[in-house]
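Here the structure comes first, spelled out in C-alpha cells, and everything after it is commentary.
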Amino acid sequence: MNTRSRLPVVATIVLVLLIALPAVAGTPDPTALLKAAIHHWRGNSSYTEVGMSVHRPDWGRSMALVGWTRGDRDSLVRFTEPAGDAGNATLKLGSDLWLFNPKLSQVIKLPFSMMSQSWMGSDFSYNDLAKSEQVVTEYTHKLIATQSRGGHQVYTIECLPKPGAPVVWGKQEVKVRDDSVLMEQTFFDQDMRPVRRLQTTRIAPLGGRPYSVEMRMTRLDKTGRWTDLHYTRADFDLSLPDYLFTLSNLRNPRHWSAP
C-alpha cells in the first residue's frame, strides 16, 4: 500500500480515537466512587441515632442505638432501647472488634472468624457495623453498568476479592448514585450466589446532605427475613474526644453530649 492510499485509513483511525477519548475520559473511576460513598456515609467523623427493626416469619423486634465513627476504620455503637438490650455495645478499632454485655459486665474480643456472624440477631454482620473500608481495600473494582434513575446517574460496581484477601464474600456488587449516596449492595457467596442485599428505601436530607435515611438488609437465601434501619439523626465532621474509642469507655461509658 502506498503512502497516498494509507492516508484515508489513518484519518479514519484518528477520527475514531477523537470520538472515543471524551467518553473514556468521562467514565467515573469505580474505586473513587466507592471511596466517596463511604466518606459520604461517615464523613471524617460522625454521630448517628438509628432505629432497627428485625423481621422474621414468626416474630419481630425493634431496637434503638447510637453510633460514632472516626476516620475510615473506628466506630462505637451502643444500644439504648429496649431496656433488655440497653448498654450492649461494640467497639471497632481498625480490624479489631470488642463486644460489651452489661449483664455480664464483660468485654469480649471477637475473633476474625466470627466477624461475619449476625449482629444482635439482625441480618447485619459485625463486618457491616460502620460501613467498613474493606470493600475498597480488599477488592478490585470494575464499572459494569450505568443507568438513569430519578434524575441521577446510578453506577453499578463489581467488586472481586484480591488474591489472598481476608474476606468471606466471593463478590460484591455495589450501586452508587452520582451524589455518592449508596443505593444498593449485594453480597455473593464463594459459589457466586447472591446471599444478602442492602437497599436504600428512602433518601432524605440529613446532616446537611442527601442521605439513605431508610435501608433494608434482606436475606436472599431465606424467605421472610430482613432488617430495617431508620436514621433519625446524623451529624458529621465532629470533634470527637479520643476517650470515646477506648475499651474503658466501652465498659464504663462517659457522658458525651450530642452537638
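Does L182 meet the test of being touching a residue at least 60 places away in the same chain (Cβ under 8 Å) and more than 26 Å from P28 (Cα to Cα)? So L182 does not fit the description; no. A search for C-beta distances below 7 Å between a residue of the range 208-226 that is farther than 18 Å from R193 by Cβ and assigned to a strand (DSSP E or B) and any residue that is modelled with pLDDT of 95 or more and small (G, A, S), counting only pairs 6+ apart in sequence or on different chains, returns Y211/A204; Y211/A234; V213/A204. Looking at the range 82-89, is at least one residue at pLDDT 90 or above and in a strand (DSSP E or B)? Yes, because at least one residue in the range 82-89 is at pLDDT 90 or above and in a strand (DSSP E or B). Just so you know, in the range 156-178 the residues that are not small (G, A, S) and not in a strand (DSSP E or B) include one that is surrounded by the most Cβ atoms within 10 Å (Cβ to Cβ), and it is W169. Exactly one residue out of S62, S95 is surrounded by fewer than 15 Cβ atoms within 10 Å (Cβ to Cβ), among the hydroxyl-bearing types (S, T, Y) and under 24 Å from L34 (Cα atoms), and it is S95.
Conditions (1) loosely packed, with under 12 Cβ neighbours inside 10 Å; (2) of a type in the set (A, V, I, L, M); (3) out of contact with any His (no Cβ under 7 Å at 6 or more places or on another chain); (4) closer than 20 Å to R216 by Cα, marked per residue:
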residue	(1), (2), (3), (4)
S116	no, no, yes, yes
S122	no, no, yes, yes
E138	no, no, yes, no
V154	no, yes, yes, yes
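Can you work out which of the residues in the range 179-193 that are assigned to a loop (DSSP other than H, G, I, E, B) and under 16 Å from the mean Cα position of the chain (by Cα) is surrounded by the most Cβ atoms within 10 Å (Cβ to Cβ)? Among them, the one singled out is V181. If you filter the range 120-155 down to residues that are in a loop (DSSP other than H, G, I, E, B) and charged (D, E, K, R), you find that the one that is modelled with the lowest pLDDT is K131.
When the range 205-224 is filtered for residues that are farther than 13 Å from H40 by Cβ and among the hydroxyl-bearing types (S, T, Y), the ones remaining, listed by number, are T218, T223.
Only one entry of S53, S113 meets the criterion of being closer than 18 Å to A165 by Cα, of a type in the set (S, T, Y) and outside any loop (DSSP other than H, G, I, E, B), and that entry is S113.
The values are calculated or read from the model by the stated rules, or taken from the named source; none is laboratory data. Predicted, not measured: the structure shown is a model, and the values here were computed from it. Counting neighbours? That spans all protein chains shown, and the Cβs are built from the backbone with ideal geometry, glycine included.
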